[in-house]
Structure formats: structure tokens, C-alpha cells
Amino acid sequence: MILSHPATGGFVTHCGWNSMLESVCASVPMITWPHFGDQFLNEKLIVEVARIGVCSGVKFPTAWAVESDEVLASRNCVEKAVRRLMDEGNEGEKVRERARELSEKAHRAMQEGGSSYENVKVLVQKMHTIKHNA
């Protein structure tokens, strides 16, 4: 509900898969803040492949269960990312437009006749066949 609110102009995300999908479905561009694991790879997908977000400046993973006073992204890097994303200029507008386009594609895929809808339909049919042939 929060991501879908009209006042939401961007989302600072740790780049987890569910957060990314929710943001895409809501047409909300992202500022990436990965911590560890696949989140850095997901950041590349968001920023470089899909071009629906900007980096916060985090370069290294968080050490799991280790307390640290190390700053992973400076306030200047975060401010720069927010300005880039929210800017009415060329870069910010391109990211927001790509987020809208990707959201439309995602919604079409989930509607009847869409690729995701059809794939789930085929899966259910195959499972039904397996159950009745067992």
C-alpha cells in the first residue's frame, strides 16, 4: 500500500527480490542499498540492466552478525542518489519512465493471456495430469 501511494516517488531498497518486485509492480523507481548475498547482483539488475534505479554508493557487503561503526554509504552519496532519482532533469525522468514501462509489462504478464498467467496455467494443468496419472 505504501509503495502504491501517489506520494511515493522512490524506494530505498536492500535489493531483496520481493522488494524489487513490489517496487516494479507499483511503478516506483529505486535507490539501491544492498547488504550481502545476491543483493549486489540484484542491484546490477535494477541499475544497469532494467535502468529503474540509482546506486546509494554501497560497495562492500555487511559482515553478518558483526557490529561495526563503518559507514557503508556516506550521507553525501545518499543525498546524491536521492537528487538523481527525484530530479526533474533527464536522468530522473528516464528512470521513472522505465519504471512505469516495466510496471506495465509486469501487469500485462499477469493478466489472462499474459506470459506469467499462461505459464502458471500450464503448471497447474501438468500438476493435475501428474496427480491423475499417479
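Here's the yes/no breakdown for (1) out of contact with any helix residue (DSSP H, G or I) (no Cβ under 8 Å at 6 or more places or on another chain); (2) farther than 18 Å from Arg84 by Cα; (3) aliphatic (A, V, I, L, M):
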position: Ile2; (1), (2), (3): yes, yes, yes
position: His5; (1), (2), (3): yes, yes, no
position: Gly9; (1), (2), (3): no, no, no
position: Ser19; (1), (2), (3): yes, yes, no
position: Ala26; (1), (2), (3): no, yes, yes
position: Phe36; (1), (2), (3): yes, yes, no
position: Ile46; (1), (2), (3): no, no, yes
position: Ala50; (1), (2), (3): no, no, yes
In region 52-67, the residues that are modelled with pLDDT under 90 and of a type outside the set (D, E, K, R): Phe60, Pro61, Thr62, Ala63, Trp64, Ala65, Val66
Mind checking whether some residue in region 106-123 is closer than 16 Å to Arg51 by Cα, in contact with a helix residue (DSSP H, G or I) (Cβ under 6 Å, 6 or more places away or on another chain) and of a type outside the set (S, T, N, Q)? yes
Name the single residue that is farthest from Glu104 (Cα to Cα) among those in region 28-54 being in a loop (DSSP other than H, G, I, E, B) and in contact with a strand residue (DSSP E or B) (Cβ under 6 Å, 6 or more places away or on another chain). Trp33
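Do we have any residue at all in region 97-119 that's over 23 Å from Gly10 (Cβ atoms), touching a Phe, Trp or Tyr at 6+ places or on another chain (Cβ under 8 Å), part of a helix (DSSP H, G or I) and at pLDDT below 95?
Step one: of region 97-119, the residues over 23 Å from Gly10 (Cβ atoms) are 108-119.
Next cut, touching a Phe, Trp or Tyr at 6+ places or on another chain (Cβ under 8 Å) only: 109-111.
Of the ones still in play, those that are also part of a helix (DSSP H, G or I) are 109-110.
Next cut, at pLDDT below 95 only: 109-110.
Looking through region 97-119, at least one residue is over 23 Å from Gly10 (Cβ atoms), touching a Phe, Trp or Tyr at 6+ places or on another chain (Cβ under 8 Å), part of a helix (DSSP H, G or I) and at pLDDT below 95.
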Within region 21-44, restricting to residues that are of a type in the set (A, V, I, L, M), touching a Gly at 6+ places or on another chain (Cβ under 9 Å) and closer than 24 Å to Phe60 by Cβ, the one that is surrounded by the most Cβ atoms within 10 Å (Cβ to Cβ) is Met30
Would region 18-27 turn up any residue that is modelled with pLDDT of 95 or more and either on the phi > 0 side of the Ramachandran plot or in a loop (DSSP other than H, G, I, E, B) (or both)? yes
Listed by first then second residue, the pairs whose first member lies in region 67-91 and is closer than 17 Å to Ile46 by Cβ and part of a helix (DSSP H, G or I), whose partner is of a type in the set (Val, Ile, Thr) and at pLDDT 90 or above, with beta carbons under 7 Å and at least 6 positions apart or on separate chains, are Ala81/Ile31; Ala81/Val54; Val82/Ile31; Arg84/Val54; Leu85/Ile31; Leu85/Val54; Leu85/Val95
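The values are calculated or read from the model by the stated rules, or taken from the named source; none is laboratory data. None of the values given here were measured: they were computed from a predicted structure. Heads up, the Cβs are rebuilt from the backbone with ideal geometry, glycines too, and the neighbour counts pull from every protein chain shown.
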